[in-house]
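The values are calculated or read from the model by the stated rules, or taken from the named source; none is laboratory data. If you're wondering where the values come from, they're calculated on a predicted model, not measured in any experiment. Backbone-built Cβ (ideal geometry, glycine too); neighbour counts: all protein chains shown. Surface accessibility is based on the protein's heavy atoms, side chains included, excluding ligands, DNA and RNA. Shrake-Rupley method; radii C 1.70, N 1.55, O 1.52, S 1.80 Å.
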Amino acid sequence: MLDSASTHAMIAVKDLSRAKEFYGGTLGLTAADERPGAGVRYEPHGGTWFLVYLSEFAGTAKSTSMRFEVEDIEVAVKELRDRGIVFEEYDLPGVKTVEGIAQHESGARGAWFKDPDGNILQIGQYYGP
């Protein structure tokens with residue numbers, strides 16, 4: 001049943017106007033549509049999409065909410081830093097960032113930042129076999 005379902009991310013925010021400024025202005029994403037009473041849908045690339053919606057529980061998750069897969073993480077991190085994004089620094093078992101970027105033993109690389117509500121977002125690049 002669910003193996004044929006499509007999936008998408010949902011990001012909770014407390015202020016939709018502020019979220020639209022961040023996701024549209026700072027991250028440079030174009031809204032695919034706005035759903036009155038529901039939120040704003042973004043469709044970055046490759047048939048994927050995510051919904052930014054209003055919720056009193058915005059920013060309460062302590063884990064990564066969504067990952068943007070990029071071809072060159074260093075270029076993406078530089079471009080986002082130039083737009084004012086501050087990347088998180090982690091020193092955890094299995095995840096240690098150096099200048100904002102972590103290298104995993106699988107070949108994957110990641111960099112994390114937060115939206116204005118504290119939702120943790122990731123930029124990732126996979127160098128797999």
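One table, with the values for the structure above:
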quantity: Helix-only [θ]222 nm of the chain, DSSP H runs n ≥ 4, -39500 (n - 2.57) each, per residue, nearest 500; calculated: -3000 deg cm²/dmol
quantity: At R0 = 22 Å, FRET efficiency that the Cβ-Cβ distance of Glu71 and His104 yields, to 0.05; calculated: 0.80
quantity: Mean Cβ count within 10 Å, highest first, over the residues of peptides 67-79, 30-42; calculated: 67-79, 30-42
quantity: Order by protection proxy (mean Cβ within 10 Å, highest first), peptides 112-120, 5-13; calculated: 112-120, 5-13
quantity: Beta bridges per DSSP with both ends in the chain, % antiparallel, nearest 5; calculated: 70 percent
quantity: Estimated FRET transfer efficiency when R0 is 25 angstrom, pair Tyr127-Ala31 (beta carbons, to 0.05); calculated: 0.20
quantity: Solvent-accessible heavy-atom area per residue, rounded to whole Å², over the stretch 20-129 at 1.4 Å; calculated: 60 Å²
quantity: With Cα atoms, 0 to 90° folded angle of helix 73-82 axis to the chain main axis; calculated: 60 degrees
quantity: Sulfur and carbon atoms: percent of accessible area, the stretch 77-129 [1.4 Å]; calculated: 53 percent
quantity: Carbon plus sulfur fraction of accessible area for the stretch 17-66, probe 1.4 Å, in percent; calculated: 50 percent
quantity: For the stretch 90-112 versus the stretch 4-27, the gap between their alpha-carbon centres in whole angstrom; calculated: 24 Å
quantity: Area of Ser17 that stays accessible when all protein chains are in place (1.4 Å probe, Å², to 10); calculated: 90 Å²
quantity: Distance (nanometres) between label positions extended 7 Å along Cα→Cβ at Phe57 and Ala5; calculated: 1.6 nm
